[in-house]
1. Among Gly139, Gly118, which is the only one that is in contact (Cβ under 8 Å) with a residue 40 or more places away in the chain and not polar (S, T, N, Q)?
2. How many residues are at pLDDT 80 or above and either in contact with an Asp or Glu (Cβ under 6 Å, 6 or more places away or on another chain) or open to solvent by less than 70 Å² (accessible area, probe 1.4 Å) (or both) when one looks only at the range 181-218?
3. For the condition of a type in the set (Asp, Glu), within 29 Å of Asn94 (Cβ to Cβ), open to solvent by 60 Å² or more (accessible area, probe 1.4 Å) and at pLDDT 90 or above, what is the one hit in Glu178, Glu151?
4. State yes or no: is Leu103 within 20 Å of Arg179 (Cβ to Cβ) and open to solvent by less than 60 Å² (accessible area, probe 1.4 Å)?
5. Let me spell it out: the conditions are (1) touching a residue at least 24 places away in the same chain (Cβ under 8 Å); (2) in contact with a Ser or Thr (Cβ under 9 Å, 6 or more places away or on another chain), and Pro144 meets all of them except one. Which number is the exception?
Amino acid sequence: MTEETPGFEEKPDVPSGATPDDAEPKAATPSAEEAAAPAGDANQTAGLVAQLDQVRTALGERTADLQRLQAEYQNYRRRVERDRIAVKEIAVANLLTELLPVLDDIGRAREHGELLGGFKSVGESLETVAAKMGLQQFGKEGEPFDPTIHEALMHSYAPDVTETTCVAILQPGYRFGERTIRPARVAVAEPQPGAQTVKADESAETADDKESGGPDEG
């Protein structure tokens, strides 16, 4: 039987050649790899963020390029369509211009009562086709003279006009859309020289009579 001595604590066995400090447990010390792990994760995250920014920048540039190309394509389509319409209008206008002498002959034949039989049917059909293509005839007697659409071939004075007026249509004018193919050839009349002065004097006398209560009675 072993007797325990009071006040004596049993110490752990210490291997031979070891110091007492070696017998005490030591705190775990992190390795170099474990210490470097957080720093490596931070660097990797920063690299991914930088790559993401680069991808976003490249995406923005490509999107801007695509939008610019799309706008240029739309402008190209509009320009081609506009040119196509212009070429078509020019071709139709040239064709109608070549038909004007024929239409003039048909008009003269109608005025002289010679538009009869088969010739009448052909002439009216040609006029209908020209109208469907957009040809419009203009020029009427009594309308004011407009040098942009009228060509004056004859000139005279008339006491019953107050401005330069078309008094006769020698050859009708034609337009295609907003394009004037041929101006109307007309005879114009201007107010009689001195007529405006006489009318002005008569108007002044009438105004004086009204102010004075009418002409004097004898």
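The values are calculated or read from the model by the stated rules, or taken from the named source; none is laboratory data. As the structure is a prediction and not an experimental result, all values here were calculated from the model. So basically every Cβ, Gly included, is an ideal-geometry build from the backbone, and we count neighbours across all protein chains shown. Areas reflect the complete protein model, heavy atoms only, side chains present, ligands, DNA and RNA absent. Shrake-Rupley method; radii C 1.70, N 1.55, O 1.52, S 1.80 Å.
1. Matching residue, one of Gly139, Gly118: Gly139.
2. Of the range 181-218, the ones at pLDDT 80 or above are 181-193.
Narrowing further to those that are either in contact with an Asp or Glu (Cβ under 6 Å, 6 or more places away or on another chain) or open to solvent by less than 70 Å² (accessible area, probe 1.4 Å) (or both): 181-191.
Looking only at that region, the number is 11.
3. Sole residue among the options that is of a type in the set (Asp, Glu), within 29 Å of Asn94 (Cβ to Cβ), open to solvent by 60 Å² or more (accessible area, probe 1.4 Å) and at pLDDT 90 or above: Glu151.
4. yes
5. With respect to (1) touching a residue at least 24 places away in the same chain (Cβ under 8 Å); (2) in contact with a Ser or Thr (Cβ under 9 Å, 6 or more places away or on another chain), Pro144 is out only on (1).
Every residue, every condition in (1) at pLDDT 95 or above; (2) within 30 Å of Glu190 (Cβ to Cβ); (3) open to solvent by 60 Å² or more (accessible area, probe 1.4 Å), yes or no:
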{"site": "Arg108", "(1), (2), (3)": "no, yes, yes"}
{"site": "Phe119", "(1), (2), (3)": "no, no, yes"}
{"site": "Gly123", "(1), (2), (3)": "no, no, no"}
{"site": "Met133", "(1), (2), (3)": "no, no, yes"}
